[in-house]
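The values are calculated or read from the model by the stated rules, or taken from the named source; none is laboratory data. Everything numeric in this text was worked out from a predicted model, so none of it was measured. Cβ placement follows ideal geometry from the backbone for every residue including glycine, while neighbour counts extend to all protein chains displayed. What goes into the accessible areas is simple: the full protein's heavy atoms, side chains included, and nothing from ligands, DNA or RNA. Shrake-Rupley method; radii C 1.70, N 1.55, O 1.52, S 1.80 Å.
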Amino acid sequence: MLNILFYTSFNSRSRDTESLMEAFVKQGHRVFVLTQTERGVYHESCEKLGVSAFAHPLKKQSPLVYFAKQALFLKQFCKTHRIQLVYAHLENAGLAAVLCRPFISAKVFTCRHTVDEAELMGSRKFMLLNKIVYSLSRNSIVVSERSKQYMVQKEGISEKKIRVIRLAYNFELYPKPNVKKVEEIREQYKAKLLMVSACRMMEGKRPHLSIEICKTLVEEGLDVKLLLLGEGPLLERLKKQVLEQKLESTVFVLGYQSNIMDFLSACDILLHPSLQDSSSVIIKEAGLNARTVLACKEIGDVQEYLVHQSNALLVSTSDPASEFCKQLKAVYGQADQLQALGQALKKTVLERFNISTILPEYNRIHLELESHGKN
């Protein structure tokens, strides 16, 4: 059995990593989580699963000093707890992990959840961070084939260092929708077609497009409403967009909502015009609620499991607003079609991303480590 550390830069719920931790604990491994941020709901959820949870937040300072301090702390943490395997999720955790890797006995896997987000954002710092982390990393896990292809073709990372392992879930970790709350949401935002967009409010997620789409449909006389859920740098701008376009009665910018499953269950369709996904979590959550998803092709792993008009609706990224409107008008008032698409997506999600399906990939890593030691 191994001492396994999940090292992250976030402290919010992450049911894919929580599912893995729970599975590893049940297998008899000692599992730890350490975050670069203060304790939060993530730590509480992990502790309920039998995981030892720690936090090491630092005040803002120069990147060089910050990552050096985090790497030093990680080095000591691994020594103290005799960590044999580190899964470092996201690039801030990944950088500290690869910096201390030569000085610890543990094997380190950097876990990437993006594809070309840094390029789309035009962020040189983010692109440099990716380059450093994945060039220095000896072992990386990505959640989609597209992410691997991008790393190899655009960033020059050796494909021998990259493993593709899909996100894995124990779907029982998700709360069941609250029937009363679902009914309240449906009543409060009553419409023939209730749409929802849930994402980080940033440029690459393109939440403004959902507002434009809703505006077009309203102007064409359709009885629709849109709920926008999430936080981020564009939040106030989106609220202003709604006011300026006089959409207060049809578009509702609700910010972060902890009961996302209630909102997904209450809506008829998820609009997901995002350009920045490696393996979208919200699409899977919509599927878990048997809701239809309308998303863009060629983004992350979308086309690895979504099939147009079979278990989802897909449009091109080049002219999404008009294509979204076309697809929405086609299913407007077609409750049976929406239900069929949602049920098909639920079946796909439950089969493809179930922890029992993905766990053997991690078991192979653990067996390799127990057999051969650190690489």
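Of note:
- Residue match in region 26-38 (condition: in contact with a Cys (Cβ under 7 Å, 6 or more places away or on another chain), open to solvent by 50 Å² or more (accessible area, probe 1.4 Å) and at pLDDT 95 or above): no
- Whichever residue in region 160-185 is without any contact (Cβ under 8 Å) to a residue 24 or more places away in the chain and open to solvent by less than 70 Å² (accessible area, probe 1.4 Å) and, among such residues, is nearest to S45 (Cα to Cα): V164
- Conditions (1) more than 17 Å from V133 (Cα to Cα); (2) touching a helix residue (DSSP H, G or I) at 6+ places or on another chain (Cβ under 8 Å); number of the one not met by H89: (1)
- Hits in region 50-89 (condition: buried (at least 19 other Cβ atoms within 10 Å of the Cβ) and either at pLDDT below 95 or part of a loop (DSSP other than H, G, I, E, B) (or both)): V51, I83, Q84
- Residue match in region 256-274 (condition: without any contact (Cβ under 8 Å) to a residue 40 or more places away in the chain, surrounded by 13 or more Cβ atoms within 10 Å (Cβ to Cβ) and not polar (S, T, N, Q)): yes
- Helices (runs of 4 or more DSSP H) within region 319-375 that include 3 or more residues more than 22 Å from the chain's Cα centre (by Cα) and under 22 Å from V86 (Cα atoms): 355-372
- Boolean, L288 is in contact (Cβ under 8 Å) with a residue 12 or more places away in the chain, open to solvent by less than 60 Å² (accessible area, probe 1.4 Å) and within 25 Å of L217 (Cα to Cα): no
- All helices (runs of 4 or more DSSP H) inside region 102-154 with 1 or more residues being among the basic types (K, R) and open to solvent by 10 Å² or more (accessible area, probe 1.4 Å): 124-136, 145-154
- Subset of region 209-234 [without any contact (Cβ under 8 Å) to a residue 40 or more places away in the chain and surrounded by fewer than 18 Cβ atoms within 10 Å (Cβ to Cβ)]: E219, G221, D223, E231, G232, P233
Matching residues to (1) touching a strand residue (DSSP E or B) at 6+ places or on another chain (Cβ under 8 Å); (2) over 15 Å from Q309 (Cβ atoms); (3) open to solvent by less than 20 Å² (accessible area, probe 1.4 Å); (4) of a type in the set (K, R):
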| position | (1), (2), (3), (4) |
| --- | --- |
| T357 | no, yes, no, no |
| Y362 | no, yes, yes, no |
| I365 | yes, yes, yes, no |
| E368 | no, yes, no, no |
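- Among (1) free of Cβ contacts under 8 Å to residues at least 12 places away in the same chain; (2) closer than 27 Å to R163 by Cα; (3) not hydrophobic (A, V, I, L, M, F, W, C), the one test that T80 misses: (2)
- Sole exception among (1) under 22 Å from the mean Cα position of the chain (by Cα); (2) part of a helix (DSSP H, G or I) for R166, by number: (2)
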